[in-house]
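Written out below as structure tokens is the structure these notes cover.
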Amino acid sequence: LALQFQSVNYVPATGIWLDSSGNHDDAQFVNGTTPTTAVYVTPDGLSAVNIVGANASYGVGSHFQLNTAISAASGYTVFAYIASTTATGSRSAITGGSGGGALEWDFYGGHDDFLQEYQADVGHGTATVTTDGTFNLIDLAVNSSSYSFNFNGVADGSGTGVSFGNPITEIGNNEGGGDMFNGQIAEIDIYQGVLTPAQIAGVEATLTGEYVTGTIPVIPVVPEPTT
């Protein structure tokens, strides 16, 4: 696990999102109005980080900038429990990179989608992503050999994989700054490499327990003391 952003660990007063993976990849929101915390919004009543990219006050290029980039060497498995409000014809990026060839994971044309930034639109899921504020669990596993999508725990498309030329450095936008995420994010988890189907099912079950059934507690992390 390279990165875990849970809404309970977002600090709206500073725009800092604390990483609960133990790898200290905290992120700072930059270039615009700091997102707020929406309370009691998930099915079991937990919070989410409220990002409304269509609102001009956030500014072009607004995003969470990671303190530490996440290497693309072995590919990724990425999970998100989110409520998208992106218009069907718009592109709205959940992850982005520092240059061409990074993983841009987004919504486009009503589907979960991913690109090598500025190089190729590689693949997309088949399910229609709701844009009415309903929360969905989405995940993507991709390396140089293959890729696969899941949507709410169900297989949602697969194909030939790709390699990425730059690391993930941003959450909530792409490198170009024009495809900002619209909606609410309860959690994003990013793993190095491709997890097995059993491991993916396990993470999905955990996210469901955290935000749908309320059977798994989400525990805040304690920030490191500053000097």
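Here are some notes:
- Evaluated over the stretch 162-205, the Cα radius of gyration and Dmax, each in Å: 13.5, 36
- Accessible area in square angstrom per residue, the chain, 1.4 angstrom probe: 40
- Evaluating 6.51 cos²θ - 1.76 cosθ + 1.60 at θ = phi - 60° for every residue in the stretch 137-153, the Karplus couplings come out as 9, 10, 8, 9, 10, 8, 9, 5, 8, 7, 9, 8, 10, 10, 9, 6, x Hz, glycine and proline recorded as x.
- Were the residues from Thr33 through Thr68 laid out at 0.36 nm apart, the gain over their Cα-Cα distance would be 10.3 nm.
- Shown here is the pair-distance distribution of the stretch 41-178: with all Cα-Cα distances grouped in 5 Å bins from zero up to the longest one, the shares run 2, 11, 20, 24, 22, 15, 6, 1, 0 percent.
- In sequence order, calculated HN-Hα J values of the stretch 196-203 (Karplus, 6.51, -1.76, 1.60; Hz; x Gly/Pro): 6, x, 5, 5, 4, 4, x, 5
- For Ala2, the residues whose modelled amide H falls within less than 5 Å of its own, excluding neighbours fewer than 5 places apart on the same chain, are Ile190, Tyr191, Gln192.
- Between Gly183 and Ile51, Val52, Gly53, Thr85, the built amide H atoms are under 5 Å apart, and every one of these is 5 or more places off in sequence or on another chain.
- Under the Karplus curve 6.51 cos²θ - 1.76 cosθ + 1.60, θ = phi - 60°, whole-Hz ³J(HN,Hα) for the stretch 67-79, x wherever Gly or Pro sits: 5, 10, 5, 9, 3, 9, 3, 10, x, 9, 10, 10, 10
- At R0 = 35 Å, FRET efficiency that the Cβ-Cβ distance of Thr134 and Val11 yields, to 0.05: 0.85
- Whole-percent carbon and sulfur share, accessible surface of the chain, 1.4 Å: 54
The values are calculated or read from the model by the stated rules, or taken from the named source; none is laboratory data. The model shown is predicted, which means the values in this text are computed figures rather than measured ones. For neighbour counting, all protein chains shown are included, and Cβ atoms are generated from backbone atoms with ideal geometry for every residue, glycine included. The accessibility values were calculated without ligands, DNA or RNA, using every heavy atom of the protein model including side chains. Shrake-Rupley method; radii C 1.70, N 1.55, O 1.52, S 1.80 Å.
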